[in-house]
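Chemist: Handing you this structure, nothing more for now.
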């Protein structure tokens with residue numbers, strides 16, 4: 001397999017798995033680097049792209065219509081970002097082996113036979129501990145932060161793909177990173193990436 | 001890990017994976033053998049248990065109430081089978097390493113740390129070919145047979161566990177047997193069963 005896409009619940013360690021896998025397989029991992037590419041192409045700020053590039057702005061977006069976000073013509077900023085991101089992902093896949101984190105890459109590349117799509121998840125209690133360790137405390141309880149971020153990713157997936165984020169049938173492999181360990185998940189994906197089974 | 005539970009979409013090869021895994025790990029695989037145990041305990045016919053032991057009888061059950069199926073007191077046959085099956089699964093898990101196919105075993109054993117729960121799925125077109133090859137043609141189109149059986153399993157899960165059958169977060173590992181191959185799935189689960197990662 002040439003390409004591995006990694007979708008992930010917030011705090012499940014999906015990003016860490018992608019980075020470690022990138023080292024082991026010696027292929028690029030697009031995550032932050034991806035955001036830079038989109039920034040370069042669109043002129044938008046990186047932070048803005050991180051916020052809007054895989055999250056539906058609940059309320060603002062669905063609630064009050066698209067008026068406030070409209071670009072030239074009637075395209076919303078989200079739709080504009082979606083089209084730029086989609087094009088970049090399809091281009092990256094053409095360039096050669098890589099790992100792509102999030103951004104509906106598994107959906108966009110679903111018709112390529114050289115892609116393995118993974119989804120990483122973990123129980124809420126473990127993810128709560130992980131995000132506090134990684135990103136520190138905030139005014140909002142970690143469980144609430146998880147719920148909000150996952151909800152946004154779920155809505156984003158549903159809106160742009162019509163499919164359910166996290167439903168096993170939308171991925172080739174789904175892994176519980178608490179049960180199998182970050183290292184265990186990397187090992188499984190490394191073998192698949194090398195075409196071993 | 002001592003115990004591997006395998007839930008599966010109809011025609012995904014989950015049962016074949018369980019049997020091959022059983023050979024390789026040298027531990028029993030409860031599937032047909034399980035049905036025999038339930039038959040022995042309840043006096044019901046094996047065919048009857050296969051039909052009712054992990055399927056909701058849509059319409060008959062939800063539609064017309066439980067009256068027609070009531071056992072002593074107000075317990076339905078399905079509830080009676082559920083309680084017998086649950087007890088047998090919990091007992092089997094106590095006895096030692098094994099593989100259990102279907103019957104909500106991953107849910108029943110969710111609090112044991114020595115269990116790996118797997119879900120096997122595959123695209124409809126591949127499963128349709130597989131069931132025709134394994135079970136032959138019937139008056140009903142294979143896609144329709146898949147849809148009906150999966151729907152019944154989904155409803156059964158929802159009714160007895162309150163959870164969604166096939167949602168990745170309800171399993172430790174979910175595998176697309178078409179993409180990864182039956183052999184590939186067995187290899188991954190064999191390593192997990194041996195405690196390798």
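Chemist: Of the residues that sit in segment A:11-29 and are buried (at least 19 other Cβ atoms within 10 Å of the Cβ) and in a loop (DSSP other than H, G, I, E, B), which one is nearest to the other protein chains (Cβ to nearest Cβ)?
Modeler: A:12
Chemist: Condition check: free of Cβ contacts under 8 Å to residues at least 60 places away in the same chain, surrounded by fewer than 14 Cβ atoms within 10 Å (Cβ to Cβ) and more than 13 Å from chain B (Cβ to nearest Cβ). Does residue A:132 satisfy that? Before you say what the answer is, go through the steps one by one.
Modeler: Numbers: free of Cβ contacts under 8 Å to residues at least 60 places away in the same chain: yes; surrounded by fewer than 14 Cβ atoms within 10 Å (Cβ to Cβ): no; more than 13 Å from chain B (Cβ to nearest Cβ): yes.
No.
Chemist: Just for segment B:109-123: of the residues that are out of contact with any strand residue (DSSP E or B) (no Cβ under 7 Å at 6 or more places or on another chain) and facing chain A (nearest Cβ under 9 Å), which one is surrounded by the fewest Cβ atoms within 10 Å (Cβ to Cβ)?
Modeler: Restricting to residues being out of contact with any strand residue (DSSP E or B) (no Cβ under 7 Å at 6 or more places or on another chain) and facing chain A (nearest Cβ under 9 Å), the top hit is B:113.
Chemist: Given the structure, is residue A:147 farther than 27 Å from residue A:36 by Cβ and within 11 Å of another protein chain (Cβ to nearest Cβ)? Lay out the reasoning, then the answer.
Modeler: On the way: farther than 27 Å from residue A:36 by Cβ: yes; within 11 Å of another protein chain (Cβ to nearest Cβ): no.
Criteria not met by residue A:147.
Chemist: Suppose we keep only residues that are more than 9 Å from chain A (Cβ to nearest Cβ) and touching a helix residue (DSSP H, G or I) at 6+ places or on another chain (Cβ under 6 Å) within segment B:187-197. Which one would you say is surrounded by the fewest Cβ atoms within 10 Å (Cβ to Cβ)?
Modeler: B:190
Chemist: Any idea which of (1) at pLDDT 90 or above; (2) more than 14 Å from every other protein chain (Cβ to nearest Cβ); (3) under 16 Å from the mean Cα position of the chain (by Cα) is the one residue A:152 doesn't satisfy?
Modeler: So the condition that residue A:152 fails would be (1).
Chemist: Based on this model, can you work out whether residue A:116 counts as part of a helix (DSSP H, G or I) and either on the phi < 0 side of the Ramachandran plot or within 18 Å of the chain's Cα centre (by Cα) (or both)? Working first, answer last.
Modeler: Working: part of a helix (DSSP H, G or I): no; either on the phi < 0 side of the Ramachandran plot or within 18 Å of the chain's Cα centre (by Cα) (or both): yes.
Considered against the rule, which asks whether it is part of a helix (DSSP H, G or I) and either on the phi < 0 side of the Ramachandran plot or within 18 Å of the chain's Cα centre (by Cα) (or both), residue A:116 comes out as no.
Chemist: Take segment B:155-176 and flag every residue that is in a helix (DSSP H, G or I) and more than 10 Å from chain A (Cβ to nearest Cβ). Explain how you work it out, then say what you get.
Modeler: From segment B:155-176, those in a helix (DSSP H, G or I) are B:155-161, B:168-170; that's our starting set.
Matches in segment B:155-176: B:155, B:156, B:157, B:158, B:159, B:160, B:161.
The values are calculated or read from the model by the stated rules, or taken from the named source; none is laboratory data. The model shown is predicted, which means the values in this text are computed figures rather than measured ones. Here Cβ is always computed from backbone atoms with ideal geometry, including for glycine, and neighbour counts include all displayed protein chains.
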